[in-house]
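These notes are about the structure you will find just below.
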Amino acid sequence: MKKDTHISTRKDEHLQVNLAADVSSGLETGLADYRLVHQALPEISLAEVGLGQILFGVEQRAPVLVSAMTGGTERAARINRHLAQAAAEVGLAMGVGSQRAAIEDPGLAETFQVRRYAPGILLFANLGAVQLNAGYGVDECRRAVEMIGANALVLHLNPLQEALQPGGQTDFRGLVGKIADLREKLGTPIIVKEVGWGLSAQAARLLYDAGVDALDVAGAGGTSWSQVEMHRQSDPYRAKTAAAFVEWGIPTVESLLAARDVFKDRPVFASGGLRTGVDIAKCLALGAALGGMAGPFLRAADESLEATVRTMDMIVEQVRIAMFACGARSLAELTPEKLTPNPDES
């Protein structure tokens, strides 16, 4: 296993670029194509709208996921602490950023270790799936899970990002079989997610057959990691190479519907360009079990714990009010029938 001594530097650069630059995809999520049908007579009380559910044996107070973001640096440790403390207070699920840095340098583990701040939340560990082709196996994946006391392991897929990163790991051969083998041996649920370019129906079918427990589609329409990598490049030709992919990917809604069609009996999470609780409510109506966000929470967590709690509370309240105003008193009632095509986008 080759140690990458530049991981922490790259993590800090990723954080800084995401906070300071416009790294938006050139694509839209597809959420503007839908409206939740307003009910002037919802025949329910706002107070009775319930957002709770159970996922992986853990009770959720709200169907919102603090998407995987960071770890591995001092600044990232502070951000993760704020995210975890706020997620515990509001009742959200949370994923940490890729833990490869801490697998290779155990001294960085504490930057990911948020369980002490959030003992009861649904918490996801995270490693790049491509690491299974670089010497990682069951032991490293188990270390990632045990490092943070996670309820499940996320394996992220990022072939385009790796291709655009100098020295990126681009051998994605045979990963499906290795994921299937890991699922049999790990003893912990496995979630597979993209990082912002979406999962196709073909990918979803391969992952379903591999026994993966859930998907996070992480579709196009939000942060584009090709744009992040573009801002990191000192070589203008490499920057232009990355810039060409600003409109690459599968929009979030398209990916969600494709994955949901395959994963009929297993959870699918929606992320990628979700910016409000109304966006999350639309995704829930389209079949998502959780709506994930990164950007809004990252900026708040970099500011303060109070800003993080207030942002999370605001997003959850938006979901609650959207459900109330379309007449859904529970997540089970937030069905596709609550949506209608948006004629302004047709």
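The values are calculated or read from the model by the stated rules, or taken from the named source; none is laboratory data. In this text the structure is predicted, and so the values were computed from the model without any measurement. For neighbour counting, all protein chains shown are included, and Cβ atoms are generated from backbone atoms with ideal geometry for every residue, glycine included.
Here region 13-46 is the region considered, the condition is being in a helix (DSSP H, G or I) and at pLDDT below 70, and the residue that is surrounded by the fewest Cβ atoms within 10 Å (Cβ to Cβ) is ALA20. Every listed requirement among (1) buried (at least 21 other Cβ atoms within 10 Å of the Cβ); (2) over 15 Å from the mean Cα position of the chain (by Cα); (3) of a type outside the set (Ser, Thr, Tyr); (4) within 29 Å of GLU140 (Cα to Cα) is met by GLY292 save one, (2).
Pairing each residue of region 306-321 that is closer than 14 Å to ARG81 by Cα and modelled with pLDDT of 95 or more with any residue that is aromatic (Phe, Trp, Tyr) and surrounded by 20 or more Cβ atoms within 10 Å (Cβ to Cβ), provided the two are 6+ apart or on different chains, yields C-beta distances under 8 Å for THR308/PHE297. Checked against (1) farther than 19 Å from ILE250 by Cα; (2) assigned to a strand (DSSP E or B), HIS156 meets all criteria but (1). Of the residues making up region 69-103, just one is modelled with pLDDT of 95 or more and acidic (Asp, Glu), namely GLU89.
Restricting region 251-274 to residues that are touching a strand residue (DSSP E or B) at 6+ places or on another chain (Cβ under 6 Å) and of a type in the set (A, V, I, L, M), the residue that is nearest to LEU286 (Cα to Cα) is LEU256. Only residues that are assigned to a helix (DSSP H, G or I), of a type in the set (D, E, K, R) and in contact (Cβ under 8 Å) with a residue 60 or more places away in the chain were counted across region 190-240, and they come to 3.
Each row is one residue, and each column tells you yes or no for (1) of a type in the set (A, V, I, L, M, F, W, C); (2) in contact (Cβ under 8 Å) with a residue 60 or more places away in the chain.
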| residue | (1), (2) |
| --- | --- |
| LEU286 | yes, yes |
| ALA289 | yes, yes |
| PRO336 | no, no |
| THR340 | no, yes |
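Residues of region 116-130 that are assigned to a helix (DSSP H, G or I) and touching a helix residue (DSSP H, G or I) at 6+ places or on another chain (Cβ under 6 Å): TYR117, ALA129. Looking across region 305-327, the residues that are in a helix (DSSP H, G or I) and within 18 Å of ALA285 (Cβ to Cβ) come down to ILE315, VAL316, GLU317, GLN318, VAL319, ARG320, ILE321, ALA322, MET323, PHE324, ALA325. Out of everything in region 219-241 that is crowded, with 18+ Cβ neighbours inside 10 Å and of a type in the set (D, E, K, R), what residue ends up being farthest from GLY196 (Cα to Cα)? That would be ARG232. How many residues are more than 17 Å from LEU274 (Cβ to Cβ), out of contact with any Leu (no Cβ under 7 Å at 6 or more places or on another chain) and either surrounded by 14 or more Cβ atoms within 10 Å (Cβ to Cβ) or at pLDDT below 95 (or both) when one looks only at region 322-344? Qualifying residue count, region 322-344: 8. Test GLY174 against the stated conditions and say whether it is at negative phi, surrounded by fewer than 16 Cβ atoms within 10 Å (Cβ to Cβ), without any contact (Cβ under 8 Å) to a residue 60 or more places away in the chain and of a type in the set (Gly, Ala, Ser). It is false that GLY174 is at negative phi, surrounded by fewer than 16 Cβ atoms within 10 Å (Cβ to Cβ), without any contact (Cβ under 8 Å) to a residue 60 or more places away in the chain and of a type in the set (Gly, Ala, Ser).
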